[in-house]
Structure formats: C-alpha cells, structure tokens
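One structure is given below, encoded as structure tokens.
The values are calculated or read from the model by the stated rules, or taken from the named source; none is laboratory data. Just so it is clear, the model here is predicted, and its values are computed rather than measured. All Cβ positions, even for glycine, are placed from backbone atoms using ideal geometry, and neighbour counts span all protein chains on display. Heads up: the accessible areas ignore ligands, DNA and RNA and are worked out on the full protein's heavy atoms, side chains in. Shrake-Rupley method; radii C 1.70, N 1.55, O 1.52, S 1.80 Å.
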Amino acid sequence: MAQNVEYDLLIIGGGINGCGIARDATGRGLRVGLAEMNDLASATSSASSKLFHGGLRYLEYFEVGLVRKALIEREILLRAMPHISWPMRFVLPYHKDMRFESTTPTSRLLSVVMPWMKGRRPAWLIRLGLFLYDNLGGREILPATRSVDLRVDEAGRPLQERFEHAFEYSDCWVEDSRLVALNARDARQRGAQIMPRTKVVNAERFDDHWRVTLEDQASGETRDVSAKMIVNAAGPWVSEILKGPLQVNSRDGVRLVRGSHIVTRKLYDHEKCYILQGKDGRIIFTIPYEGDFTLIGTTDVPHPDASTLPECSPEERDYLCDFASGYFERPVTRDQIVWSYSGVRPLYDDGAVNPSALTRDYTLTLNAEGAPLLNVFGGKITTYRRLAEGALSKVTAHFEGLGGDWTAGVALPGGDFESDGFDALVDEICLSYSFLTRAWARRLVRAYGTDARNLLGSAKTAGDLGEDFGETLSEAELNWLKDHEFASTGEDVLWRRSKLGLRLSNEQAARVDAFMQG
C-alpha cells in the first residue's frame with residue numbers, strides 16, 4: 001500500500017453530485033478531497049429549472065421507478081432544507097386538442113388501442129397520471145391534486161378564455177446553486193477538503209492508489225496528491241475526464257442536451273406555477289421568480305460538446321415566448337426578457353433518438369482495473385442524495401468499517417427548523433434585529449435559514465454590517481460568503497449564491513466584484 005495517501009476519495013466535479021457524494025462520504029469517516037475547475041455549481045447545477053419534482057412527464061415514458069424514487073426524495077429533501085426548498089402549486093390547463101409528444105411509449109400505445117384519438121392527450125389519462133403522482137411516493141407534507149375551474153379561479157385570469165379547466169398538483173422549488181454550496185459547506189465542516197478553481201490535469205494509476213496533478217486556476221501552480229479511489233462526477237465533462245487525465249477507455253457515455261430558460265418581468269400576480277403543453281407535445285414551466293419576475297423553461301436541444309459555452313439561442317428565446325404566448329392572454333415577447341441562462345444536462349446515453357426521451361436516471365460504473373474509479377453518468381437534482389448513497393454503496397467494498405446511510409433527515413446548514421416554520425423564523429429575526437425590513441429578513445432567511453443569526457451576529461444597526469452594496473447586500477454578508485461558502489468573485493455572489501444580479505446596477509456589481517477579489 002502506498003504511504004501517506006492524502007485522500008481515501010478524490011472527487012472530480014463540484015456540482016450537486018460531486019458535493020453530495022463528498023458530504024455523504026465524509027460523514028461515514030472517509031478522508032475526502034474535491035476538485036472543481038471553476039466555482040462550485042458553475043455549470044449544470046446552477047442552470048436547472050430549480051425544482052425538486054418527480055417528473056410528471058416521465059410517466060409517459062413508463063419510468064415509474066425513477067418517478068417514485070424522486071417523489072419519495074422530494075419530501076425528505078423538503079424537511080432537510082426548508083430555507084432553500086418550499087412547496088409550490090402547479091396548474092396544468094387542459095384543452096381537448098392537447099397532444100402527446102409523438103415518440104413517447106404511451107403515445108404509441110394509445111395510437112394502437114385508441115387510434116381515433118389521433119395523438120390527442122385525453123383528460124382521463126392526465127387524471128390517471130396525477131393520481132399516480134400523488135400516491136407513488138407516500139406524500140405526507142404536500143397537498144393533493146385538485147381540479148380547477150379556470151372561469152372562477154385566480155389561476156384562470158392570466159390565461160386565454162379558451163382554457164376553462166385545469167388540474168393543480170404539488171411539487172417543490174429549490175435554490176439549486178445554494179443546494180450545492182450548502183452540501184460543500186457541510187462536507188467541509190465534517191472534514192472534507194473542498195478545492196474550487198482547482199483543475200485535475202493528470203492522473204497516474206497504480207495498483208492501490210492514484211497520483212493526481214492538480215492545477216490552481218488562479219496562480220497556475222501545480223501540486224501532486226494521492227488518493228485510494230477517484231470519483232469522476234464531472235457532469236458534462238465526465239467522458240472528457242475519462243479519456244483525458246484518467247486515460248481510461250469506457251463504452252459508457254453521456255449525451256449532452258442543452259436546456260435554456262428565459263426570465264421575464266412578472267407575467268401574473270398570483271404565486272402559482274403553470275405547466276404548459278405545446279403543439280409539439282413537449283411541456284414547459286412558468287414559475288414566479290425572485291418576487292418580480294417569471295421563469296420560463298426549458299428547451300431540449302442537442303449540445304455539441306462540453307467545451308462549448310451553453311447559451312440561450314435566439315431560436316430558443318422565440319420558442320419559449322411563442323410557447324407561453326399560446327396560453328397567456330397577453331403575448332410574451334422578447335422585449336420582456338431581462339435575463340436568460342442555459343445549462344448542459346449530461347444524460348446517460350441509452351440510445352434514445354429524441355433528446356426528450358433520454359433517461360433522467362443515473363448510472364454508476366465501477367472500474368477496478370488497478371486503483372478503483374467510480375464514474376457518475378446522468379442524474380437529476382431531485383435524486384442527488386440517493387445517487388450519493390448509491391455511489392457510497394459501491395465505495396464501501398473498498399474500505400473497511402464505514403458507517404451506513406445517514407443523510408436522510410439530517411438538515412443542511414441553516415435548515416434546522418420545521419418545514420412549515422419559515423414565517424416564524426422570519427418573525428424571530430425581525431424581532432432580534434429591529435433595523436431589518438421584513439423583505440430583508442425574508443431574503444436572509446431564504447438564503448441562510450437559522451444561520452442568518454450567525455451572519456448578523458451582534459449587529460444593532462445596518463451600519464454595523466459594514467459597507468452597503470445595494471439591495472440589502474452588506475459587507476458582512478460578502479464576508480460570510482467568502483468564509484463559509486467558497487465565493488471569491490462577484491459572479492459567484494450575484495448569480496450563484498444569490499440572484500441579486502437581477503437587481504444590482506453594473507456599477508454596484510463591479511463594486512461587489514472588486515470587494516470579493518480584493
């Protein structure tokens with residue numbers, strides 16, 4: 001056995017899968033290092049639709065196991081992080097001419113047994129799908145599905161008059177990039193070494209360990225570390241890491257699918273979301289976002305390679321605007337868009353032709369031809385914790401005396417309060433720090449939960465928090481993000497640890513960046 005091996009596990013990739021595995025592994029007693037070449041959650045994990053959801057549409061692909069697994073996880077996660085995840089209601093307007101995506105197994109089955117439907121999606125099938133959605137996962141916290149009369153319900157007001165009926169069901173919001181940062185923070189508190197902006201540039205494999213060269217992306221300096229096992233959780237780069245630094249051939253791979261979103265000025269006044277079905281059979285969501293905006297997405301477009309920066313194309317913007325305009329009384333136009341973002345989903349390549357049909361489940365492969373290597377292909381944010389447990393079940397055979405599964409029900413930092421206790425916690429913070437406006441307190445509790453008290457410390461006035469950078473962002477908060485959440489640039493703060501980039505001026509954003517890099 002090699003002497004002085006620094007890590008039991010070296011994890012490549014600082015997205016949700018890598019950080020979730022780091023947290024789980026460290027909590028079982030392993031020595032863990034995690035290397036991420038950019039900021040944490042700088043790629044796919046900050047560019048999702050920001051939902052913990054079972055994936056209603058996956059039922060049409062008969063992915064019942066995936067949906068059930070995700071639905072069970074939904075409430076486990078809701079309890080563990082009530083500051084960054086909360087229930088939302090989704091309204092599915094129904095019209096008799098709605099159609100299936102033509103390639104789904106359900107569509108093909110109905111075209112055989114009910115050819116007169118000619119691809120239309122019947123209301124009874126939607127009700128059946130929602131019944132399964134309500135009952136597959138042992139729902140306890142979230143309210144059940146109900147039928148909605150759009151002629152009298154508030155959800156009908158923004159919609160075109162032709163939509164008279166709808167179904168309403170529950171799913172959960174999650175602050176995706178904060179989820180990553182909190183998993184990384186918890187892992188570090190338990191003993192992991194988290195190394196953002198550190199790239200794996202080479203790896204040499206021996207029988208019982210790996211020697212890995214890491215490059216600091218700021219200084220260009222390199223250093224060698226050793227690990228008993230590597231976990232390749234590089235997301236869109238998983239295949240490139242295999243073929244490049246790790247020098248391993250594998251038949252497994254991913255298909256890269258770009259999902260783009262647009263953010264518009266607020267389209268309606270209520271707090272419900274819509275799930276809309278298009279003429280092409282696909283679905284998109286419209287979601288109330290950051291108080292004054294609406295999030296619309298997503299697309300499914302093949303993406304050429306991981307090195308190509310994903311951007312929302314003009315065609316995708318038009319597609320999403322036209323899609324939503326087919327439902328809302330007031331058309332959604334390009335001039336309403338205030339921001340757009342895109343992420344590349346690394347979906348396990350199961351041979352499906354249509355990008356929408358590719359499985360959203362994950363695949364874990366173990367290569368033990370020498371020091372062991374675990375590769376993570378695919379996955380979705382809702383099942384990240386289960387994926388980490390699955391990864392550790394494969395790791396366990398190579399390490400003696402490890403603890404068992406432990407993360408279910410264990411709160412992330414700041415999440416140690418009841419799932420329905422958000423407003424009460426805001427009340428407590430307002431009482432303890434009377435200089436805060438309620439909106440300011442709500443923002444802090446949404447971001448930091450019970451840690452808002454630690455961030456605010458002994459402050460008696462707003463001035464005690466140091467320099468004001470605008471929109472309630474203080475010097476004390478920036479220092480907290482530096483010290484506890486691995487942030488080092490203005491972009492880290494304004495677009496990943498928060499979304500205050502939507503509100504700050506260019507001058508204010510530049511001041512934030514100068515402070516973070518000063």
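Listed values, structure above:
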quantity	calculated
Estimated Rh, region 385-448: Kirkwood, alpha-carbon pairs, angstrom	14.7
Contour minus Cα-Cα distance for Asp464 and Leu309 (0.36 nm per residue)	51.7 nm
Nearest-0.05 FRET efficiency for Asp423 and Trp124, computed from C-beta distance (R0 51 Å)	0.85
Extended-chain gain in nm, criterion 0.36 nm per residue less alpha-carbon gap, His398 and Ser219	60.9 nm
Compactness of the chain as Cα Rg over 2.2 N^0.38 Å, two decimals	0.98
Relative contact order [Cα under 8 Å, 6+ residues apart], region 396-468, whole percent	31
Ordering of 254-263, 471-480 by packing [mean C-beta count within 10 Å, highest first]	254-263, 471-480
Helical segments meeting 27 Å axial Cα length and Kyte-Doolittle 1.6 threshold in the chain (DSSP H)	none
Filtered chymotrypsin sites (Phe, Trp or Tyr not before Pro), region 180-241: DSSP coil and at most 14 other beta carbons within 10 Å	Phe206
P(r) of region 190-284 over all Cα-Cα pairs, binned every 10 Å from zero, in whole percent	11, 30, 22, 15, 17, 5, 0
Arg334-Ala368 FRET efficiency (beta carbon distance; Förster radius 60 Å; 0.05 resolution)	0.70
Paramagnetic reach from Glu164 (point 7 Å along Cα→Cβ, amide N under 17 Å) across region 67-99	93-98
Portion, in percent, of the accessible area of the chain that falls on carbon or sulfur, probe 1.4 Å	49
Candidate lysines - alpha carbon under 28 Å from Lys69, same-chain residues fewer than 8 apart omitted	Lys50, Lys272, Lys380, Lys394
For region 437-480: span of alpha carbons on each principal axis (Å, largest first)	22, 20, 18
Extension gain (nm, one decimal) between Asp207 and Ala514, 0.36 nm per residue minus Cα-Cα	105.8 nm
Region 148-302, accessible area per residue, ligands and nucleic acids excluded (1.4 Å, Å²)	40
